[in-house]
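Peer 1: So that we are looking at the same thing, I have put the structure below in structure tokens.
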Amino acid sequence: KAGVTQTPRYLIKTRGQQVTLSCSPISGHRSVSWYQQTPGQGLQFLFEYFSETQRNKGNFPGRFSGRQFSNSRSEMNVSTLELGDSALYLCASSIRPGGWETQYFGPGTRLLVL
Amino acid sequence: SQQGEEDPQALSIQEGENATMNCSYKTSINNLQWYRQNSGRGLVHLILIRSNEREKHSGRLRVTLDTSKKSSSLLITASRAADTASYFCATDDNNNDMRFGAGTRLTVKP
């Protein structure tokens, strides 16, 4: 079974631009969660999607948004990029919401904002 | 914001020794989990312990949970160089919100 895949793996953007990151969950997993990891703030939960609906959202500004498609693939978008958005963005999939024991993480997308 | 605080922040040991990492948290939780992350890559789920459990084992891993002290420990026995990684605890609550600690950077020297 293929693991969680994230594209692109690396990305460089400039301030003010927007970016879209993609996550393909493990086959059969319907829940996708997104996390941001920075040296300063550590790992922080962004949001979780299940059946194309956002179930939970972390404490991030409205510039961070996401969506989930009918095939469970998910995208997250960050608009009006700021330097502080430079981070490793991880997505994780699980069979069901809150299915932590069955949550598998992708390799991440490393975003650098210049 | 980070829920858990791990200590130590960094730990360096010799292969074969045991490594103990601790995690403290602030609010009531449903579950506490430990993850491993190899240098800037994805997280690997190690073990989950529920709030009504006190101890759990998985291979060379032993996790304890003390809800009265709001703390957990992860013990890796007979460490190997391949165990070198960052280890994070994560908690989830009734809202299914997941919060991570700052992590412990473990280095196992061959």
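Read-outs: derived from the displayed coordinates by stated rules, not from any lab. This one's a predicted model, so the numbers in the text were calculated from it and none came from an experiment. Here the Cβ is made from the backbone with ideal geometry for all residues, glycine too, and neighbour counts use every protein chain on show.
Peer 1: State which residue is surrounded by the most Cβ atoms within 10 Å (Cβ to Cβ) when the search covers only the stretch B:53-110 and only residues that are acidic (D, E) and touching a Ser or Thr at 6+ places or on another chain (Cβ under 8 Å).
Peer 2: B:D93
Peer 1: Has the stretch A:44-56 got any residue that is in contact (Cβ under 8 Å) with a residue 40 or more places away in the chain, surrounded by fewer than 20 Cβ atoms within 10 Å (Cβ to Cβ) and within 19 Å of A:Q17 (Cβ to Cβ)?
Peer 2: No, the stretch A:44-56 contains no residue that is in contact (Cβ under 8 Å) with a residue 40 or more places away in the chain, surrounded by fewer than 20 Cβ atoms within 10 Å (Cβ to Cβ) and within 19 Å of A:Q17 (Cβ to Cβ).
Peer 1: Can you report the number of residues in the stretch B:86-99 which are out of contact with any Cys (no Cβ under 7 Å at 6 or more places or on another chain) and part of a strand (DSSP E or B)?
Peer 2: Step one: filter the stretch B:86-99 for residues out of contact with any Cys (no Cβ under 7 Å at 6 or more places or on another chain), giving B:86-88, B:90-99.
Filter once more, keeping what is part of a strand (DSSP E or B): B:86-88, B:90-92, B:98-99.
Of the residues in that region, 8 qualify.
Peer 1: Go through (1) in a strand (DSSP E or B); (2) closer than 23 Å to A:T102 by Cα one by one and return the number of the condition B:L11 breaks.
Peer 2: Single failed check for B:L11: (2).
Peer 1: Has the stretch B:36-43 got at least one residue that is more than 10 Å from chain A (Cβ to nearest Cβ) and surrounded by 17 or more Cβ atoms within 10 Å (Cβ to Cβ)?
Peer 2: yes
Yes/no per residue for (1) at the interface with chain B (Cβ under 10 Å from one of its Cβ atoms); (2) of a type in the set (G, A, S); (3) part of a strand (DSSP E or B); (4) more than 16 Å from A:L11 (Cα to Cα):
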position	(1), (2), (3), (4)
A:Q44	yes, no, yes, yes
A:F47	no, no, yes, yes
A:R55	yes, no, yes, yes
A:S72	no, yes, no, yes
A:C91	yes, no, yes, no
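Peer 1: Go through the residues of the stretch A:57-68 one by one and say whether even a single one is within 11 Å of chain B (Cβ to nearest Cβ) and touching a Ser or Thr at 6+ places or on another chain (Cβ under 8 Å).
Peer 2: The answer is yes; a qualifying residue exists.
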